[in-house]
Each structure stands twice: as C-alpha cells, then as structure tokens.
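Have a look at the structure below before the remarks.
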Amino acid sequence: MKLIVLYLIGLVFGVGISISGMANPAKVLNFFDIAGSWDPSLIFVMGGALVTTFIGYKLVFGRSEPVFEGDFSVPTSRTIDLKLVGGSAVFGIGWGIAGFCPGGALPALGTGRWEVFAFVGAVIVGIFLAKWFQNRQPAGATA
C-alpha cells in the first residue's frame, strides 16, 4: 500500500509540474527575467504550492504519527550557517542558470531532452561532491 501511495503522490507531482510549465526551462527563466520578457504566471504555481503545503502540514503534523512510518523525520536544526546559506545560493544559481529545479527536473526526464539528463547528472555529481567535502571536514566543524 505504501508503494502505491508513493507512486500516486509522485504522479500527481509530476503531472502538476508538467501542466504548470515548471518542466519548461524557458518559462522558468522568463519568470526570473524581471527586466526582460518577464512571465509572472509561475507566481500562481508557487502560491498554489504554498497553500497546498500549508494545508498538508496542518493535516500531517496534526496526527500523532505518520501513516507508513514510526515517527516523523524532520530537520531539528534552526541554525542559519554557511552550509545552509551556501547550499541555498548554489540551488538558486543553478535554477537561474539552467531553468530547472531538482524537483521539477525529475518529471522532465520523461521528455527525453539531453539538457534535462545533463542537469540531473550534475545534481547527482553535486550531491556526491557535497558529501565528499562534508566528510573531509574535521569532527565538529560547522562550515
């Protein structure tokens, strides 16, 4: 049952990403191009996602425990450090350059475009590089 629910959630997400235009890098880049050919339509997509997330969090965290797991797995750190700010900057820069965010790129793999595969490959390499750098830090370092 858990796999069916996960599949359906992924399917709804992928269809939503496709319908909204978030899988189209030109549309995303036009959203970021405020001084040029700005396309504000993604504000509605992001607003819809924000409302859905707000309702979802209220419903999910109103329960004593998750349906398919023993407990909730949520970040506990509230520290704004170099790792958080740097990761956010890399995420935003990558999104602005490529026109894909990692979540939107996964459903876009279905288009078969080489650019999407190159982007997802770069994300995977970035994940491994981040882990490698993190493992090279001395114990207790927070940078």
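Only the coordinates and a few stated rules stand behind these numbers; no lab work does. Source: prediction; values computed, not measured. Ideal geometry is used to build each Cβ from the backbone, glycine not excepted, and the neighbour counts take in all protein chains shown.
List the trypsin sites (Lys or Arg not before Pro) within segment 50-82 that fall in a DSSP loop (any state other than H, G, I, E or B) and whose Cβ has at most 15 other Cβ atoms within 10 Å.
On the way: sites: Lys58, Arg63, Arg78; in loops: Arg63, Arg78.
Answer in residue order: Arg63, Arg78.
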>> Taking θ = phi - 60°, what integer Hz values does the Karplus form 6.51 cos²θ - 1.76 cosθ + 1.60 yield along segment 73-89, in sequence order, with x for Gly and Pro?
In response: 10, 10, x, 10, 6, 10, 7, 9, 10, 4, 5, 5, 5, x, x, 5, 5
> List the lysines whose alpha-carbon lies under 20 Å from that of Lys131, not counting same-chain residues fewer than 8 positions away?
Replying inline: Lys83
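Using 0.36 nm per residue, how much length does the chain from Ser18 to Leu6 gain when fully extended, once their Cα-Cα distance is taken away? Intermediate results must be reported in sequence, preceding the final value.
Values: separation 12, 0.36 × 12 = 4.32 nm, distance 1.83 nm.
Additional length available on full extension: 2.5 nm.
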> Label points 7 Å out from Cα along the Cβ direction at Val74 and Lys27: separation in nm?
Replying inline: 3.1 nm
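About its Cα centre, how strong a charge dipole does the chain have in debye, to the nearest 20, once Lys and Arg get +1 and Asp and Glu get -1 at the Cβ?
180 debye
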> Which whole-Hz ³J(HN,Hα) couplings does segment 11-26 yield from phi under the Karplus relation 6.51 cos²θ - 1.76 cosθ + 1.60, θ = phi - 60°, glycine and proline marked x?
Replying inline: 5, 4, 4, x, 5, x, 4, 5, 5, 6, x, 5, 8, 9, x, 5
>> Between Val60, Val51, Val74, where does the largest GNM mean-square fluctuation fall for the chain, given springs only between Cα atoms within less than 10 Å?
In response: Val74
> ³J(HN,Hα) across segment 102-116 via Karplus (A = 6.51, B = -1.76, C = 1.60, θ = phi - 60°), whole Hz, x for Gly/Pro?
Replying inline: x, x, x, 6, 4, x, 5, 4, x, 6, x, 6, 5, 4, 5
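Please sort by residue number the chymotrypsin sites (Phe, Trp or Tyr not before Pro) in segment 1-54 whose DSSP state is loop and whose Cβ has at most 15 other Cβ atoms within 10 Å. Write out the running numbers ahead of the final one.
On the way: sites: Tyr7, Phe13, Phe31, Phe32, Trp38, Phe44, Phe54; in loops: Trp38.
Sparse-neighbourhood loop chymotrypsin sites (Phe, Trp or Tyr not before Pro): Trp38.
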